[in-house]
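Below is one structure, written out as structure tokens; the observations come after it.
The values are calculated or read from the model by the stated rules, or taken from the named source; none is laboratory data. Because the structure is a prediction, the values reported are computed rather than measured. Because the Cβ atoms are built from the backbone with ideal geometry, glycine has one as well, and the counts that use them run over all protein chains shown.
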Amino acid sequence: MQTGQLTEEKALAILITNLNRKTKICGTLEIVQACKYLHNLYGSYERVAKKVGAGDETIRQYAKIAGLPKEVKNLIENGLLHGMEVPYQISRIKDFQRMMETAKAVHNMSSMDARDTIKYILRHPKKSVEECKRRIIESKRTTIDVHVIIVPLSDPVIQKLKEESHQKSMTNLVEDIIKQQLSPKGPVSCTIRDKVLTLSLEKYDYEKLMTKEPKIASERYINDLLARQFAENTQSARVS
């Protein structure tokens, strides 16, 4: 599907026919352009998301890709960087040279390995990109038992995430809170799609969580944990 000269009708069609399906009809940059166009038209990610039936975090992440330099966009256009998640994570890197090194380093990796490498690069700004990539590749050679928890997030938690996701994405906010509250030994990985949190923990941390709350109650526990952290943040802001 060619975007040509975008109109509201054409941009809506692009998002509606692509964001609610696994196999995309349009390329990533076409979806990005449509998100940016509608965001400029409607004035908020929430209004765009409601109009096309997608999560506003998804719209926000696609729109963020629009700000990538043309060198990175060329890699996307040529099929060297796939999907939305990897380009979005690259967009979080502020230094242009490091961004370009990262984009070139991960273009031949799987989406999961590329995402993990970029997150490691973001957490270790003093390490070289190649060292970060090497460490991730080496870690993948060890078999790790990972457990996944699916948590439908409550409307109040989603609202607070939206309010506080100015400097960080909702996904990164949740990761930071989980790390702060649970103090896991292993890495924490999560995604949020349409108000549903997918949380991945290594076996030890998963079992530690299950000793606090059985699996059937873990959804409520995670929601309560996030809500409690937001309440503490609000209280701290009032005191200061």
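For region 127-180, enumerate the residues that are small (Gly, Ala, Ser) and either on the phi > 0 side of the Ramachandran plot or surrounded by 18 or more Cβ atoms within 10 Å (Cβ to Cβ) (or both). Steps first, answer last, please.
Restricting attention to region 127-180, the residues satisfying the condition of being small (Gly, Ala, Ser) are 128, 139, 154, 165, 169.
Scanning region 127-180 gives 165, 169.
Yes/no matrix, rows are residues, columns are (1) more than 23 Å from residue 136 (Cβ to Cβ); (2) of a type in the set (Asp, Glu):
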| position | (1), (2) |
| --- | --- |
| 187 | no, no |
| 193 | yes, no |
| 199 | no, no |
| 202 | no, yes |
| 206 | no, no |
| 218 | yes, no |
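Residues that are in a helix (DSSP H, G or I), without any contact (Cβ under 8 Å) to a residue 24 or more places away in the chain and hydrophobic (A, V, I, L, M, F, W, C): does region 26-48 have at least one? Even if it seems obvious, please write down each step before you answer.
Going residue by residue through region 26-48, those that are in a helix (DSSP H, G or I) are 28-42, 45-48.
Among the residues that remain, those that are also without any contact (Cβ under 8 Å) to a residue 24 or more places away in the chain are: 40, 42, 45, 47.
Filter once more, keeping what is hydrophobic (A, V, I, L, M, F, W, C): none.
No - not one qualifying residue is present in region 26-48.
Exactly one of these conditions fails for residue 175: (1) of a type outside the set (A, V, I, L, M); (2) in contact with a Leu (Cβ under 7 Å, 6 or more places away or on another chain); (3) in the same structural domain as residue 207 (by TED's automatic domain parsing). Give me its number.
Single failed check for residue 175: (2).
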